[in-house]
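Participant: First, the structure itself, so that you have it in front of you.
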Amino acid sequence: MHTGRRRYSLAALRSLIALRREQAYFRFELKRMATDNPHLIDDIGLTKEEVEAEIAKLPFWQR
């Protein structure tokens, strides 16, 4: 009988955790760049709105 739950391997779980950490680090560094060197945002090809949307994905204690 299938309960509708997915089963993940340990390797897939580790990969997912690593991906989430990379995303969190990117957002944290993006926030730091936006406050310390806002002129660099244009250099990486993002708009101010895109940066704000990514920063909004950070946990509230890191915003």
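Computed from the coordinates by the stated procedures, all read-outs in this text should not be read as laboratory data. Only a predicted model underlies this, so the values are computations on that prediction, with no experimental measurement involved. Glycine also receives a Cβ, built like all others from the backbone with ideal geometry; neighbour counts cover every protein chain displayed.
Participant: Just to verify a result, which residue in region 53-63, among those that are in contact (Cβ under 8 Å) with a residue 12 or more places away in the chain and part of a helix (DSSP H, G or I), is nearest to residue 31 (Cα to Cα)?
Facilitator: Out of the qualifying residues, it is 55.
Participant: Still on this structure: For the structure I just gave you, tell me whether residue 14 is loosely packed, with under 10 Cβ neighbours inside 10 Å, of a type in the set (Lys, Arg) and more than 15 Å from the chain's Cα centre (by Cα).
Facilitator: Answer is no for this residue.
Participant: Mind checking which residues of region 35-52 are part of a helix (DSSP H, G or I), more than 15 Å from residue 25 (Cα to Cα) and not acidic (Asp, Glu)?
Facilitator: 35, 39, 40, 41, 48, listed by residue number.
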